[in-house]
Amino acid sequence: MRETFRYTIVAGLLTLALFVSPFDFISTAQSSVDQEASEIASALDNNQNRVLDDSEILNAIQLWILGAALPDGEIISDESILSLVQLWITGESIRPPLMGDDEVATTPTCTKTTDDGEFRFQVAETGTFLSKWRSPDSALAVDTEGNIYVAGDQQISIWDNGNFVGLEFFSGIIKYDANGTRLAKWDTKGSGDGKFRRAEDIAVDSNGNIFIADQDLSGIQKFDANGKFLTKWGSQGTGDGQFWGFPGGVAVDSAGNVYATDGSLNRIQKFDNNGKFLAKWHTSWQSTPGGDISRVDPMGIAVDSFGNVFITDTFNGLIQKYDANGTVLATWGGSGSGPARFKRPTSLALSGNNVYVFDKGNYRIQRFDHFGKLLATWGGAGDGDGQFERNVSLGVDHGMSGGVAVDDIGNVYVLDSRSRRVQKFCGGI
């Protein structure tokens, strides 16, 4: 009833816009529009997480009708007003960026260190290399505060007053700030609760809880923000809440629900924050470039603020988007090395209207909009800055494992497992 009522209001406002001159609005409500524009812009700029009230959406629509500029000079685009109206109708919290002339409201500001060690702030092009640091080698995630979590194995050098003492062989999770400074680490090597041999993927919810897709458990382990084990679920099998093999990817939505891919059974499973099974769906059948029909084999997974689910199909080189009920909304890609083609895509990350795909076999990141339009590409095979190291053994190029994650201001982090490092890039707008 609430949504029907709100849709009716929006339809009426849009109809009114066709018959009433914008100058009538200007003469009667310009001051309130200016004030509302400032409040809306301030809320978005300050990254406030709150629900739009009725007066705000009415004035936002009015601004859109007028074509009036916000205080920073931005114009509310058609795409932005649709996003705002959808958030208002559903009662979801606003999550910037939502406004702007093109895809997003503001250009991400990327930080880069100059030669003299001082920081400067600049608007960098998509794919601009910013920094790097040594790390574990398995999986990567970013929390809402911009901290980086990497799971896997690592050799850590031990120093005492500037003197090298030896190496520590570490297996577990390390937490870094956005510049690569280590904040905490949790040793998870072993068996039993809170222990695992290899993390296939890692995700962090809005409360800082950490979720590990555990290869040995064939399930998920949950830790709090301090690395304390909380719970686990899953086992080997084909039933609800089980995995045939192990979960290849894990993601958390804005409500705290946990999604995991089960590639061996071609399905996606949904749980509540503590592991209660909620739903599942099987992936669709797709035509491959060779003319065969194959069921999509999900691996990497991410969820946007509307509950839409994105997965990578590593075997067939596809990206697929589903709504919250498992209906296919978009499919793109295909095996190959050309633009918008993939060779073993393993991981993907979302920010605003952007989808960043780790195209591991082609040693690159590809950036798309939410329906598969290619926007940017960067990377290449190698061990230099901005490149990703090749994994060749017995004459076979195996690509690389690892992952991609993006923070709230558009910095993109790529885990290059072969060289055991995280590289940080500007993701662009």
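How big is the charge dipole of the stretch 252-369 about its Cα centre, in debye rounded to the nearest 20, if each Lys and Arg gets +1 on its Cβ and each Asp and Glu gets -1 on its Cβ?
240
Provide the gained length on full extension for the span S235 to L82, in nm with one decimal, where the gain is 0.36 nm per separating residue minus the Cα-Cα distance.
Stretched out fully, the S235 to L82 stretch lengthens by 50.9 nm.
Just the accessible area per residue of the stretch 195-284, please: how many Å² with a 1.4 Å probe?
Ligands and nucleic acids excluded, the result is 38 Å² per residue.
Which number do you get for Rg(Cα) / (2.2 N^0.38 Å) in the stretch 244-287?
Expressed relative to 2.2 N^0.38 Å, the Cα Rg reads 1.18.
Would the stretch 236-354 count as rounded, prolate or oblate if I go by the C-alpha gyration tensor, calling it rounded below 1.5 in a/c and otherwise prolate when a/b exceeds b/c, oblate otherwise?
Oblate shape, in that a/c is at least 1.5 and b/c is the bigger or equal ratio.
Are there trypsin sites (Lys or Arg not before Pro) in the stretch 297-357 that DSSP marks as loop and that have at most 12 other Cβ atoms within 10 Å, and which are they?
Answer by residue number: there is no such site.
Once the convex hull of the alpha carbons of the stretch 186-305 is built, what does its volume come to per residue, in cubic angstrom? Each step should come with its number before you reach the end.
Numbers: hull volume 12.7 nm³, N = 120.
So the per-residue Cα hull volume is 106 Å³.
Of all the accessible heavy-atom surface of the stretch 305-347, with the other protein chains kept in place and a 1.4 Å probe, what percent is carbon and sulfur?
Carbon with sulfur: 53 percent of the solvent-accessible area.
Out of all Cα-Cα pairs in the stretch 319-366, roughly what percent, to the nearest whole number, are more than 14 Å apart?
Value for the stretch 319-366 (Cα pairs over 14 Å): 52 percent.
The values are calculated or read from the model by the stated rules, or taken from the named source; none is laboratory data. Values in this document were obtained by computation on a predicted structure and should not be read as measured data. Positions of Cβ are backbone-derived with ideal geometry, glycine not excepted, and every protein chain shown enters the neighbour counts. Protein only, heavy atoms only, side chains kept; ligands, DNA and RNA dropped before computing areas. Shrake-Rupley method; radii C 1.70, N 1.55, O 1.52, S 1.80 Å.
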